[in-house]
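Worksheet: the structure to be examined is printed underneath.
Every number in this text was worked out from the coordinates using simple rules, so none of it is lab data. Just so we're clear, the structure is a prediction, and the values are computed from it rather than from any experiment. All Cβ positions, even for glycine, are placed from backbone atoms using ideal geometry, and neighbour counts span all protein chains on display.
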């Protein structure tokens, strides 16, 4: 379908659209599932929170670990799909997965704690997250190449450039696909790191600050 929309089955870089799509889709789903699990981690454990005293951060953290296991499995699935079809297999660039995964985990943990905190007084957030992440998907160069917006107005390009997932997904594609998708690793990794630790700091501070009051809303 997207090959028809973009009038090409392969990208300008010479890789298949399937490899480009999946190398962005799987990491995005990691963030999406972390947010979805995080927003339900507090609300769905009401009895546990009311009757036991323990650090509430354990709940969004356990939700994140569950999403992480699924994501690590998806990396194997990625190569099982694009390997036989497109001839793409792990190369030396895959070493970037280790530092990037650490940054991505921090980023997702920050998002998970943030939505978990907001979901306590606003229960409908669990329904809203699915729509927000779908919109985020369309703004993150997952289903279309970054070159698709090169002719767009400057404000659109600037807005898309502020998206933290653009840098994260760009490095993931380089790590998984290889040199066929080059990226300016230094600035991209720095930007991703700043976003990750900034979101984690804000999310954890808000969560810890109000965790003692959560039982009142439950």
Sites residue 73 and residue 155, calculated FRET efficiency, Cβ-Cβ separation with R0 35 Å, nearest 0.05: 0.35
Taking the Cβ-Cβ separation of residue 89 and residue 134 as r and a Förster radius of 22 Å, what is the calculated FRET efficiency to the nearest 0.05? 0.10
Fewest to most Cβ atoms within 10 Å: 133, 31, 73 sort as 73, 133, 31
Take the range 89-205, compute every pairwise Cα distance, and split them into 5 Å bins from 0; I just need the percent in each bin. 2, 11, 17, 20, 20, 15, 9, 4, 1, 0
In nm, give the distance between the simple-model label positions of residue 206 and residue 184, each being 7 Å from the Cα along the Cα-to-Cβ direction. 3.0
